[in-house]
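Below is one structure; the comments refer to it alone.
The values are calculated or read from the model by the stated rules, or taken from the named source; none is laboratory data. Note that the coordinates shown come from a computational prediction; the quantities given were computed from them, not determined experimentally. No Cβ is skipped: glycine too gets one built from the backbone with ideal geometry, and neighbour counts run over all protein chains shown.
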Amino acid sequence: MSKRIDEARKVCGSLLDELEHSSSNIDSILMKSKRLARLMRDTDAQTWLDLETRGYPKSFDFKSLGNCLKYAVSSGRANMQAATYYTQSLSTLEANAESDGILMNSFKLSTESTTKVNDFLEQRATEALLTTQHNLKLQYKTNYANSKSLLSSMKSAIHSYVTDTYLAIELGDIAQDIFESAREQVDAFIRSNCPKGAEKVLAINERMQDGTAESLSGALTSCRRLLMDVADSVFPAQEEWKDRQGKVRIVGTEQYKNRLLAYLSELSTSKGSFALLESELEHLASRLDVVYEKTCKGVHVDVTIEEARLTVIHTYLFLGELATFGKKS
């Protein structure tokens, strides 16, 4: 994944340079942009850029562009209120702009040659001819200005997409650095307090990579077992425990959540920090317990890859906070 993202970053840089400083033709820009979309696994952008390359059908629902609808609208490609849009490909629009420019420039030459023979024409005929040519000149200028403006606007939309993608990559780098730091802290905490928990981490990773519904459910079950291993280490099971409000809580083998709270309660955590961690653990444990209970009953559990990934991340981040507060005490 890192290699793919690094390649996407390079493509972003190259594209921004072409769009901002060079006169590359639109075909080259589109090909590189489509490559960027593939590297980022951005299916909406792949669809949008493919249509910009081939042209749009006469009947098209722009909402099907998903996240890239904003680029089609901002570029002037589509007017959603008027339900109108340009069907030509970007290559065709570029060719039109070049053709209009040639016509406008060649017209200037014909105007100069005409003025040289004005002495040989009747006055009224000359005036009519000049008026016609003046109108044509204005029309050519208008056509060129419109086609050039439309092309520039659509190139600007591609520039916006590339810029947004580059910023997303940069944000991902920051998040990766933060998570890497948390990972190192969690790894050290697990090695010191519950080495057997490392096996659960490996099991979680293997099941997430498998990606089947059964494996994803198994990954969340492993998250629960990992929390139980940590609880066994930091606060072994006993009959009961009084929380900070004096409420008696059961802290047996299965009550891993209460045991983790008991451990946190014994640390020098502030009231506000403890309340925040308690809320996070309640949310995490309730999600894990639902999957575990259904699995124990043999009930099929539908867990999406996105849900599983977020739950695994939450488990890891909670352990990171546990390790942080444990280190401070």
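Side notes on the structure shown:
- When residue 161 is tested against (1) modelled with pLDDT of 85 or more; (2) not in a helix (DSSP H, G or I), only condition (2) is not met.
- When residue 145 is tested against (1) exposed (fewer than 13 other Cβ atoms within 10 Å of the Cβ); (2) small (Gly, Ala, Ser); (3) without any contact (Cβ under 8 Å) to a residue 12 or more places away in the chain, exactly one condition is not met: (1).
- Residue check for residue 24: in a loop (DSSP other than H, G, I, E, B) and in the same structural domain as residue 137 (by TED's automatic domain parsing): yes
- Residue under evaluation residue 216, criteria (1) surrounded by fewer than 20 Cβ atoms within 10 Å (Cβ to Cβ); (2) within 27 Å of the chain's Cα centre (by Cα); (3) closer than 24 Å to residue 291 by Cα, criterion not met: (1)
- Any hit, region 278-287, residues being touching a strand residue (DSSP E or B) at 6+ places or on another chain (Cβ under 8 Å), of a type outside the set (Gly, Ala, Ser) and under 30 Å from residue 206 (Cα atoms): no
- For region 56-79, the candidate set comprises residues that are hydroxyl-bearing (Ser, Thr, Tyr) and in a helix (DSSP H, G or I); within that set, the residue that is surrounded by the fewest Cβ atoms within 10 Å (Cβ to Cβ) is 64.
- Enumeration of residues in region 80-100 that are in a loop (DSSP other than H, G, I, E, B) and in contact (Cβ under 8 Å) with a residue 12 or more places away in the chain: 80, 86, 87, 88, 89
- Test: residue in region 247-267 that is modelled with pLDDT of 90 or more, of a type in the set (D, E, K, R) and crowded, with 21+ Cβ neighbours inside 10 Å: yes
- The sole residue among 237, 275 that is in contact with a Gly (Cβ under 7 Å, 6 or more places away or on another chain) and either surrounded by 13 or more Cβ atoms within 10 Å (Cβ to Cβ) or closer than 19 Å to residue 320 by Cα (or both) is 237.
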